[in-house]
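*Asks:* Dropping a structure here in structure tokens format, bear with me for questions.
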Amino acid sequence: LMLTGMPISISLGLTVMTFIVTMTQVPIESVALKLFTGIEKWEIMAVPFFILAGNFLTHGGVARRMINFATSMVGHFHGGLALASILACSMFALVCGSSVATVV
């Protein structure tokens, strides 16, 4: 399915649903119930919101400006690319409010 240009999430979802319907005796209602009860956990909801914040920064041009600023500040030093990467991650941590989430 991915070779047709379909997004990975939809491709994996269709593959799993096809497997569940054809190879197991699990009712579809219990699959839907498990999906919706998994959404209710606040710890898991942080991941898509973090990705959404990254998309906003990327498409708005803010991420490129942060990287250009970090490169202009420390790019001329020895190991400037690594230093610019650390500085850009620090700026992203300032913007999103999570210093632990940007640690690589």
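*Asks:* With each run of n ≥ 4 DSSP H residues scored as -39500 (n - 2.57), what mean residue ellipticity at 222 nm is computed for the chain after dividing by its residue count and rounding to the nearest 500 deg cm²/dmol?
*Replies:* Numbers: 5 runs with 77 residues, N = 104.
Value at 222 nm, helices only: -24500 deg cm²/dmol.
*Asks:* Roughly speaking, what is the stretch gain from K34 to M17, that is 0.36 nm per residue apart minus the C-alpha to C-alpha distance, in nm to one decimal? Spell out each step's value before the answer.
*Replies:* Details: separation 17, 0.36 × 17 = 6.12 nm, distance 1.32 nm.
Contour length minus Cα-Cα distance gives 4.8 nm.
*Asks:* How far, in degrees from 0 to 90, does helix 80-96 lean away from the longest principal axis of the Cα atoms of the chain, to the nearest 10?
*Replies:* For 80-96 against the chain, the angle is about 60 degrees.
*Asks:* Also, quick follow-up: Could you tell me the relative contact order of the chain? Use alpha-carbon pairs under 8 Å, at least six residues apart, and round to a whole percent.
*Replies:* Numbers: 38 pairs, mean separation 12.9, N = 104.
Normalised by residue count, the contact order of the chain is 12 percent.
*Asks:* Please determine, in degrees from 0 to 90 and to the nearest 10, the orientation of helix 8-23 with respect to the longest principal axis defined by the Cα atoms of the chain, where the helix direction is its Cα long axis.
*Replies:* Between helix and principal axis, roughly 20 degrees.
*Asks:* Here's something else I'd like to know. Just how far, in whole angstrom, is the range 74-99 from the range 1-45 if you go by their alpha carbon centroids?
*Replies:* The range 1-45 and the range 74-99 have Cα centres separated by 37 Å.
*Asks:* Quick check: the angle from helix 28-39's long axis to the longest principal axis of the chain, C-alpha only, nearest 10 degrees?
*Replies:* 20 degrees
*Asks:* Also: Contour minus end-to-end for F69 and F50, with contour as 0.36 nm per residue of separation and end-to-end as the Cα-Cα distance?
*Replies:* Numbers: separation 19, 0.36 × 19 = 6.84 nm, distance 2.22 nm.
Fully extending the segment from F69 to F50 adds 4.6 nm.
*Asks:* Can you give me the % of accessible surface on the range 1-61 that is carbon or sulfur? Probe 1.4 Å, all protein chains present, nothing else counted.
*Replies:* Details: 4010 of 5250 Å².
Here it works out to 76 percent.
The values are calculated or read from the model by the stated rules, or taken from the named source; none is laboratory data. Because the structure is predicted, anything quoted here is derived from the model rather than measured. Quick note on the areas: whole protein, heavy atoms, side chains included, nothing else; ligands and nucleic acids left out. Shrake-Rupley method; radii C 1.70, N 1.55, O 1.52, S 1.80 Å.
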